Amino acid sequence: MTELVEHGQLFIGGEWTDPLGTDTIRIVSPHTEQVIGSVPHASRADVDRAVAVARKAFDEGPWPRASLEERIAVVTRIKDAILVRHEEIARSISSQNGSPYSWSVLAQALGAMMVYDSAIKVATDYPYEERRQGALGPILVRREPVGVVAAVIPWNVPQFVAAAKLAPALLTGSAVILKPSPEAPLDSYILADIAREAGLPEGVLSILPADREVSEYLVGHPGIDKVAFTGSVAAGRRVMEVAARNLTRVTLELGGKSAAVILPDADLDTTVAGIIPAAWMNNGQACVAQTRILAPRARYDEIAAALAAAAGDLVVGDPLNPATQIGPLVARRQQQRSLDYIRIGQEEGAKILTGGGRPAGLERGWYVEPTLFGDVDNSMRIAREEIFGPVVCLIPYGDEEEALRVANDSEFGLSGSVWTADVEHGIDFARGVRTGTFNVNTFSLDMLGPFGGYKNSGVGREFGPEGLSEYLEHKMIHLPAGA
């Protein structure tokens, strides 16, 4: 039985502090449906206090005025501590959101460490100040920290997404208020310990677990200079609306319905081996998951059979078992959402090739079988709406022109892939897809390049120099002739 983890304080400005409210958040295991922990629910008063100390830290404190080398040293200690504690972090996250433990080790914990490491590399080489010849004389262009950042993160990959926001913010000299999801706040307490031991100055980091109402209060707070949000499209629209009242800068990383396009010349074994983990990663609870698989009609039957067999072989069970490949969904509502979409898909005329319900022998826990629908038309709801569960669509196409048209026929544009024997042809196909990241014969996310979405998949970029720029203001200083 999982040990009950209870916390009674909030991390505000680098100190463990009694909350000003009395509400608590109970964390429920998606595997046992039992309470496994509790943390204080941050109140509006706690937000006010965190913003006040963050403003003081940014406006008067040493962090924005420290050298880049000093900031890198602190962030490096955070990165190194995550490596030391990565198994503890992985267990904490898997127990909260149902991620398979093996995936949590690689993506949740070590993935977060890689985000910090990549951000350090980018920050080291970034041009914070440069002289140019302007139209009227010489100019000096400076990039300066944006200020106080509200970082609102989801439950599906909490440490990875926290790192995507914390790393560039801290390296550029900003202060951060991190708002974890109420479904997965326990690992943020590990992060708080790590940050404190790493030597972040007073006021630079606060961590406030809270619900949507308090999140909205934080996002709309006049003391916030930038909001960095990851979540659903609906929530992202609301974040932008609330932040606009203060003209607060916003970056949004939102949903996806990404297409994996199998071209007629693709090697089937290699393609299936690559697509299966990309489609069902994190139990299907990933914004970049390849949830629309496009197959040429001439090879449709063999592709459908191979994908169904591979998906049907995925091991479903206890997320803390290292052998598990598919764990439970994070909450009962997410389980019901997937089951509802499975019913909708059948009503729309799609055919279940594998899965389609609760796994046998797992009556307790919020489980859904890895499900593959065949004979899907791209106009169906299961092909257009983000399900955020282990439900994937196989869509037949005629020629390559139709494949490109179907891949682009979506309100989303976050990720995607193409599978082909001709890499150069795959690159050419990738150029035609309206999406922020794309893969040729692979599936990965490189933290030295920009990540983000077209269309409803978001605003702005994370990772790489493009992502670092989102945490900087640009200043032009006019100089006298000859300077």
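Looking at the range 234-301, the trypsin sites (Lys or Arg not before Pro) that sit in a DSSP loop and have at most 16 other Cβ atoms within 10 Å of their own Cβ are 245. Summarising the overall dimensions of the range 282-349 from its C-alpha atoms, the Rg and Dmax are 14.3, 41 angstrom. Size of the range 259-446: Rg and Dmax of its alpha carbons, in Å, are 15.6, 48. A dipole drawn for the chain from +1 and -1 charges on Cβ atoms has a positive end, and of 158, 339, 300 the residue lying farthest that way is 158.
If you place +1 on the Cβ of every Lys and Arg, -1 on the Cβ of every Asp and Glu, and leave all else neutral, what size is the dipole of the range 211-293 about its Cα centre, to the nearest 20 Debye?
On the way: 8 positive and 9 negative charges, 78 e Å.
Roughly 380 debye, rounded to the nearest 20.
Under 26 Å of direct C-alpha separation, and excluding same-chain neighbours fewer than eight residues apart, residue 226 reaches these lysines: 56, 79, 121, 165, 179, 455, 475. Within the shell defined by Cβ-Cβ distances under 11 Å, the residues around residue 146 carry a net charge of -1, with Lys and Arg each +1 and Asp and Glu each -1. In the range 98-179 the Cα-Cα distances spread across 5 Å bins starting at 0 as 3, 14, 18, 17, 15, 11, 8, 6, 4, 2, 1, 1 percent of all pairs.
Distance from the Cα centroid of the range 74-121 to that of the range 413-483 is 23 Å (rounded to whole angstrom). All C-alpha to C-alpha distances of the range 221-294, sorted into 10 Å bins beginning at zero, yield P(r) values of 18, 33, 21, 18, 9, 2 percent in whole numbers.
About its Cα centre, what dipole magnitude does the range 259-446 give when the only charges are +1 on Lys and Arg Cβ and -1 on Asp and Glu Cβ, stated in debye to the nearest 20? Mind showing how you got there, number by number?
Values: 15 positive and 26 negative charges, 180 e Å.
Approximately 860 debye in magnitude.
Taking GluC sites (Glu not before Pro) across the range 261-366, the ones in a DSSP loop with at most 16 further Cβ atoms lying within 10 angstrom of their Cβ are 363.
Let me know the charge dipole size of the range 413-483 about its Cα centre in debye, to the nearest 20, where only the beta-carbon of Lys, Arg (+1) and Asp, Glu (-1) is charged. Don't skip to the answer; put the middle values down first.
Numbers: 5 positive and 8 negative charges, 50 e Å.
Once rounded to the nearest 20, the dipole reads 240 debye.
Put simply, the amide H of residue 413, placed in the peptide plane, has neighbours under 5 Å in 257, 454, 456, 457, leaving out anything fewer than 5 places away on its chain.
Give me the Å³ per residue figure for the convex hull around the C-alpha atoms of the chain. Write down the numbers at each step before the final one.
On the way: hull volume 71.9 nm³, N = 483.
It is 149 Å³ per residue.
Only beta bridges with both residues in the chain are counted; by DSSP, about 45 percent of them are antiparallel.
When shorter helices are ignored and each DSSP H run of at least 4 residues is given -39500 (n - 2.57), the per-residue value for the chain at 222 nm works out to -11500 deg cm²/dmol.
Read-outs throughout are calculated quantities, based only on the coordinates presented, and are distinct from any laboratory measurement. Since the model is a prediction, treat every value here as computed from it, not as a measurement. No Cβ is skipped: glycine too gets one built from the backbone with ideal geometry, and neighbour counts run over all protein chains shown.
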